[in-house]
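Visitor: Would you mind keeping the following structure in view while I ask a few things?
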Amino acid sequence: MKYYLIAGEASGDLHGANLMKALKERDSDADFRFFGGDLMQAEGGAIVKHFADMAFMGFFEVVANLNTILKNLKFCKDDIAAWQPDVLILIDFPGFNLKIAEFAKKNDLLVCYYISPKVWAWNQKRVLKIKRVVDHMFCILPFEVDFYKKWGMEVDYVGNPLLDAIDAFKPEGDFLENNHLSGKKLIALLPGSRRQEISRLLPEMISVSEQFPDYRFVVAGAPSFKKEYYEQFFHEKDIPVLFNSTYDLLSHSEAAIVASGTAVLETALFNVPELLVYRGHPISIGIAKALVKIKFIGLVNLIMDSPVIKELIQEDCSPQNIAAELNNILNNKTYREKMLADYDRLDEKMGKPGASAKTAALIIKYASKK
């Protein structure tokens, strides 16, 4: 079968790649065309556009880049119409993907949505549009099933694909030696995969490094950027940047400072005590505060429905607050042990690997019935 996938950010690229791998195991004739990244490209098929050219974060940023987004939408629609896939697989990235779903539905294509938009966070009436334009929704968070049911929509709960990615991870044997990181304990810095995130958050993360001289701060670089891009924020500080090694870095880290997003949950699943940081454009934040109806923004806290990790958002995301929380994580034994105990409960809630396999099997089943 012909599968057209759309992933608009690094996490979508990861989950898309694992889903493609699972589809190939079940469909020897699988043919892929996609918007995605390096990981999806490694699975084969034809990449149409890299997510690095698509990811704009926040209301203000979207408006500022509206012309580019509209061009990408038109290009995507034209490409889908020309290729005529058997199934369209949309991966998160709702601002873009729901518009593509609407187009695909009008053109009688099977629309499968993997990783639900966060409609439970704000503007819940978007579910009505999802019911109209999406044939099958595959959810990865346990509470989403009940949420959709309240709106009269049946969805498939497949588990969380991060568990698949972590289960498949094979550690590099001499990671510390190969990257010249021996001698000091590590603190991982995960500043996100978008240019806007990195430029706003990385300087704050780095600013506290001198207060922790016994530790080595290491940046997990996004593959869509070069090392030189990160180094402009270092101001001659000796901070390594590692690419395609995030899981190895987390498996050797004592603590982590993490941009809000999927990486927050990944870090917890690696059992690394962390703090969440987030900064957006003031207009975007103002609009979000008016619309968003959730207590937390971090996936760990959302899943556990409690403040397992500290969230330092906007004006709270300051060097002073970051240093204070990092000190707690590293040096307050009771505080650290409580977080790790909460991580154990998180593991129980998350369940076992298998999301990619379940989703692939369901997609093939639904596509064969069309």
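Visitor: Please count how many residues of region 243-259 are among the charged types (D, E, K, R) and touching a strand residue (DSSP E or B) at 6+ places or on another chain (Cβ under 7 Å).
Guide: Here the count works out to 1.
Visitor: If you take just the helices (runs of 4 or more DSSP H) that sit entirely in region 135-192, which of them hold at least 3 residues that are over 23 Å from the mean Cα position of the chain (by Cα) and surrounded by fewer than 19 Cβ atoms within 10 Å (Cβ to Cβ)?
Guide: Ranges flagged: 175-178.
Visitor: Does region 326-353 hold any residues that are surrounded by fewer than 17 Cβ atoms within 10 Å (Cβ to Cβ) and part of a loop (DSSP other than H, G, I, E, B), and which are they?
Guide: Correct list: Asn332, Gly351, Lys352.
Condition check ((1) closer than 30 Å to Lys295 by Cα; (2) at pLDDT 95 or above; (3) of a type in the set (A, V, I, L, M); (4) in contact with a His (Cβ under 7 Å, 6 or more places away or on another chain)) across all residues:
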{"position": "Lys71", "(1), (2), (3), (4)": "no, no, no, no"}
{"position": "Cys76", "(1), (2), (3), (4)": "no, yes, no, no"}
{"position": "Val87", "(1), (2), (3), (4)": "no, yes, yes, no"}
{"position": "Phe96", "(1), (2), (3), (4)": "yes, no, no, no"}
{"position": "Glu102", "(1), (2), (3), (4)": "no, yes, no, no"}
{"position": "Trp122", "(1), (2), (3), (4)": "yes, no, no, no"}
{"position": "Met153", "(1), (2), (3), (4)": "yes, yes, yes, no"}
{"position": "Asp156", "(1), (2), (3), (4)": "yes, yes, no, yes"}
{"position": "Phe175", "(1), (2), (3), (4)": "no, yes, no, yes"}
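Visitor: Kindly indicate whether any position in region 325-343 is more than 18 Å from Lys185 (Cβ to Cβ) and either modelled with pLDDT under 95 or touching a strand residue (DSSP E or B) at 6+ places or on another chain (Cβ under 7 Å) (or both).
Guide: So far as region 325-343 goes, no, none of its residues is more than 18 Å from Lys185 (Cβ to Cβ) and either modelled with pLDDT under 95 or touching a strand residue (DSSP E or B) at 6+ places or on another chain (Cβ under 7 Å) (or both).
Visitor: Only one of these is surrounded by fewer than 19 Cβ atoms within 10 Å (Cβ to Cβ), over 20 Å from the mean Cα position of the chain (by Cα) and not small (Gly, Ala, Ser): Lys105, Lys118. Name it.
Guide: Sole residue among the options that is surrounded by fewer than 19 Cβ atoms within 10 Å (Cβ to Cβ), over 20 Å from the mean Cα position of the chain (by Cα) and not small (Gly, Ala, Ser): Lys105.
Visitor: Restricted to region 123-132, and to residues that are surrounded by fewer than 20 Cβ atoms within 10 Å (Cβ to Cβ) and not polar (S, T, N, Q), which residue is nearest to the chain's Cα centre (by Cα)?
Guide: Out of the qualifying residues, it is Arg126.
Visitor: Can you find a residue in region 209-225 that is touching a strand residue (DSSP E or B) at 6+ places or on another chain (Cβ under 8 Å), among the basic types (Lys, Arg) and farther than 22 Å from Glu266 by Cβ?
Guide: No; the residues of region 209-225 include none that is touching a strand residue (DSSP E or B) at 6+ places or on another chain (Cβ under 8 Å), among the basic types (Lys, Arg) and farther than 22 Å from Glu266 by Cβ.
Visitor: While we're on this one: Any idea which of (1) of a type outside the set (Phe, Trp, Tyr); (2) touching a residue at least 40 places away in the same chain (Cβ under 8 Å); (3) assigned to a loop (DSSP other than H, G, I, E, B) is the one Asp108 doesn't satisfy?
Guide: Failed condition: (2).
Visitor: Examine region 247-266 for a residue that is free of Cβ contacts under 8 Å to residues at least 24 places away in the same chain and assigned to a loop (DSSP other than H, G, I, E, B), and state whether such a residue exists.
Guide: no
Visitor: Still on this structure: Which of the following residues is within 24 Å of Phe75 (Cα to Cα) and of a type in the set (D, E, K, R): Lys131, Lys106?
Guide: Of the residues listed, the single one that is within 24 Å of Phe75 (Cα to Cα) and of a type in the set (D, E, K, R) is Lys106.
Visitor: Taking region 6-45 as the search range and keeping residues that are in a strand (DSSP E or B) and either in contact with an Asp or Glu (Cβ under 6 Å, 6 or more places away or on another chain) or of a type in the set (A, V, I, L, M) (or both), which one is surrounded by the most Cβ atoms within 10 Å (Cβ to Cβ)?
Guide: That would be Gly36.
Visitor: Against the conditions (1) closer than 19 Å to Ala341 by Cβ; (2) in contact with an Asp or Glu (Cβ under 9 Å, 6 or more places away or on another chain); (3) surrounded by fewer than 18 Cβ atoms within 10 Å (Cβ to Cβ); (4) at pLDDT below 95, where does Asn271 fall short? Just the number, please.
Guide: Every condition holds for Asn271 apart from (4).
Visitor: Considering only residues that are assigned to a helix (DSSP H, G or I) and of a type in the set (Asp, Glu), which ones fall in region 220-246?
Guide: Glu228, Glu231
Visitor: Return the total of residues in region 18-60 being among the hydrophobic types (A, V, I, L, M, F, W, C) and modelled with pLDDT of 95 or more.
Guide: 13
The values are calculated or read from the model by the stated rules, or taken from the named source; none is laboratory data. From a predicted model like this one, the values you see are computed outputs, not experimental measurements. Note that each Cβ is placed from the backbone with ideal geometry, even for glycine, and that neighbours are counted across all protein chains shown.
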